[in-house]
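Here is the structure we will look at.
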Amino acid sequence: MTSKTFQDLIEEVHNKGICQECGGCVSFCSSAEYDVIGFKDPYSPPEYKHKDKCLECGICYYICPQTHILDSELNKTYKFSDFESMPIGHYERVYSCQAKDKEFLEYGTDGGVVNSIINFLIEQKLIDGAVVSQTDAPFSREATFADSKYDLLKASGAKLDISPQLDEIQKFCTYTQSIPKLNHYKFKKLAVVGTPCQIYTIRCMQDLGVTPSENIEICLGLFCYENFFFQKFQVEKFEKDFNIKFADIEKINIKEDLIFKLKNGGSGAKVVHVPFNYLNDYMRPACNACSDFTNIYADISFGGLGSQDKYTTVIPRTKMGKHILQRVIDAGIIKCSDIDSNKMNKTIEKLANFSHSKVKRRETFMKKLELGGV
Ligand SMILES: Cc1cc2nc3c(=O)[nH]c(=O)nc-3n(C[C@H](O)[C@H](O)[C@H](O)COP(=O)(O)OP(=O)(O)OC[C@H]3O[C@@H](n4cnc5c(N)ncnc54)[C@H](O)[C@@H]3O)c2cc1C
Ligand code: SF4
Ligand code: SF4
Ligand code: SF4
């Protein structure tokens, strides 16, 4: 390895505005106890805190999802070639599943499948717990550790009255800073839930055999088209643009668009769909520089797209992912809807279209960036 440092990340990633704030670099550097870099706040790229102490090990550079140094290694391991020929990554079958547990289903984002699998893994003592994301308010999440069904349900915001908290929140972001949180639990066996950028950095750490990836037993990847960030002063504009009061939002689902479920009918309709392209003012700019929609390096990927309401689309990818999914199905923890090859092909086509659209968005964005136009 050449001696790349965090300074190279600043120049090649941060200064171009494409840091995805995945936290991989910070997580490794502080976990290895170098503690040279850190986040000043969770809504901007990390910074060099103690440049003089940097060991120039280069790891932060190699595990960054925006340098793509380890792409070919990961592609070999996860049987991926390119998005043109494999738009949704490696898979044998795509499922549409639902939790059998009433509470996981009721409070789940889609079919409550991710939480059901985590809970099963905890009960079977295959993991000690998982770093998940606590919903504090609409567009506001925080990383937290869950090692019981109670914790998993609490994190889903199920029994939370979020309205009183709205005044206290100054910045709203759907992205969860969960990777640096792994450092607190590195002596436990963990499941990690994450977006494609987060799973990518973990897979790079595992490929290089560096901390804190050693105890991650399984990567549960979420589909991700983009994430949203805005400051309090923009809430008013958002409410006006979409005729949705924040206090009325009961739940947000992300599928082929954003789906807002409103309390008591809110501003008229009970369910409001907002297409992604109406939300450009609120999108995290670095998401433009990202091409993976279906989380191609996860053990199992999950999303709402392609499934009916209250079901989750599930793509097992690795040997471990397939094994766990089969065990969960056999144990009667989740059920799968009958999906014939015709239905499955339709789902795959939908996923592939979103994947192609994301790849195209990145190409256009990167071209503009090269020309200095972003
Ligand atoms: C930011 C984001 C963007 C998404 N974009 C899309 C999209 O464009 N299209 C699409 O079809 N699906 C998208 N999804 C996936 C979808 O919203 C559901 O998460 C997925 O279908 C699983 O649903 P479920 O009911 O099975 O999960 P549940 O059983 O509800 O469990 C979800 C679990 O994931 C945890 N979690 C969520 N986000 C994180 C995180 N970042 N870090 C750690 N833990 C986390 C929750 O705390 C919970 O434990 C996105 C999800 C997220 C979080
Ligand atoms: S010590 Fe290594 S990981 Fe930390 S900032 Fe320096 S080069 Fe990056
Ligand atoms: S590793 Fe993640 S947080 Fe660090 S510079 Fe790269 S994208 Fe940003
Ligand atoms: S689109 Fe999703 S995976 Fe890509 S950078 Fe944004 S949050 Fe990460």
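Going by the conditions given, is T195 under 12 Å from the mean Cα position of the chain (by Cα) and either modelled with pLDDT of 90 or more or hydroxyl-bearing (S, T, Y) (or both)? Against the criterion (under 12 Å from the mean Cα position of the chain (by Cα) and either modelled with pLDDT of 90 or more or hydroxyl-bearing (S, T, Y) (or both)), T195 qualifies.
L55 fulfils the conditions (1) under 20 Å from the mean Cα position of the chain (by Cα); (2) modelled with pLDDT under 95 except for a single criterion, (1).
Within segment 288-315, residues that are within 16 Å of ligand 3 (Cβ to nearest atom) sit with their Cβ atoms under 6 Å from residues that are assigned to a loop (DSSP other than H, G, I, E, B) and modelled with pLDDT of 95 or more, at 6+ positions apart or across chains, in these pairs: A289/I18; Y297/Y78. For segment 218-242, the set of residues classified as charged (D, E, K, R) and closer than 23 Å to E21 by Cα consists of E226, K232, listed by residue number.
Taking helices (runs of 4 or more DSSP H) as the structural unit, those lying wholly within segment 138-246 and holding at least 1 residues that are within 15 Å of ligand 3 (Cβ to nearest atom) and of a type in the set (F, W, Y) correspond to 196-208. Of all residues in segment 303-316, which are within 16 Å of ligand 4 (Cβ to nearest atom), under 23 Å from D82 (Cβ atoms) and of a type outside the set (V, I, T)? Those that are within 16 Å of ligand 4 (Cβ to nearest atom), under 23 Å from D82 (Cβ atoms) and of a type outside the set (V, I, T): G303, L305.
Among the residues of segment 353-374, is any of a type outside the set (S, T, N, Q) and under 14 Å from Y95 (Cα atoms)? There is no residue in segment 353-374 that is of a type outside the set (S, T, N, Q) and under 14 Å from Y95 (Cα atoms). Filtering L126, L208, L121, L152 for residues that are aliphatic (A, V, I, L, M) and touching a helix residue (DSSP H, G or I) at 6+ places or on another chain (Cβ under 6 Å) leaves a single hit, L152.
Name the residues in segment 39-98 that are among the small types (G, A, S) and either closer than 17 Å to V210 by Cα or within 16 Å of ligand 2 (Cβ to nearest atom) (or both), would you? Hit for segment 39-98 is G58, nothing else.
To keep it simple, each residue is scored yes or no on (1) hydrophobic (A, V, I, L, M, F, W, C); (2) at positive phi; (3) within 19 Å of the chain's Cα centre (by Cα).
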site	(1), (2), (3)
L325	yes, no, no
V328	yes, no, no
N342	no, no, no
K346	no, no, no
V359	yes, no, yes
M366	yes, no, no
G372	no, yes, no
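With respect to the stated conditions, V192 fails to be out of contact with any Leu (no Cβ under 8 Å at 6 or more places or on another chain) and of a type in the set (A, V, I, L, M). Can you tell me which residue in segment 335-374 is surrounded by the most Cβ atoms within 10 Å (Cβ to Cβ), limited to those that are part of a helix (DSSP H, G or I) and of a type in the set (S, T, Y)? In this case the residue turns out to be S355. Say whether the condition of being touching a helix residue (DSSP H, G or I) at 6+ places or on another chain (Cβ under 7 Å), of a type outside the set (F, W, Y), away from ligand 4 (no atom under 16 Å from the Cβ) and modelled with pLDDT of 95 or more is met by at least one residue in segment 11-34. Checked against the condition, which is being touching a helix residue (DSSP H, G or I) at 6+ places or on another chain (Cβ under 7 Å), of a type outside the set (F, W, Y), away from ligand 4 (no atom under 16 Å from the Cβ) and modelled with pLDDT of 95 or more, segment 11-34 yields no hits at all.
Can you name every residue in segment 73-106 that is more than 16 Å from ligand 4 (Cβ to nearest atom) and small (G, A, S)? Passing the criteria: S81, S85, S96, A99. Exactly one residue out of F302, F293 is at negative phi, assigned to a strand (DSSP E or B) and in contact with a Phe, Trp or Tyr (Cβ under 8 Å, 6 or more places away or on another chain), and it is F302.
Put simply, of P87, P65 the only residue that is within 12 Å of Y200 (Cβ to Cβ), buried (at least 20 other Cβ atoms within 10 Å of the Cβ) and not basic (K, R) is P65.
The values are calculated or read from the model by the stated rules, or taken from the named source; none is laboratory data. Predicted, not measured: the structure shown is a model, and the values here were computed from it. Positions of Cβ are generated from backbone atoms using ideal geometry, with glycine treated the same way; all protein chains shown enter the neighbour counts.
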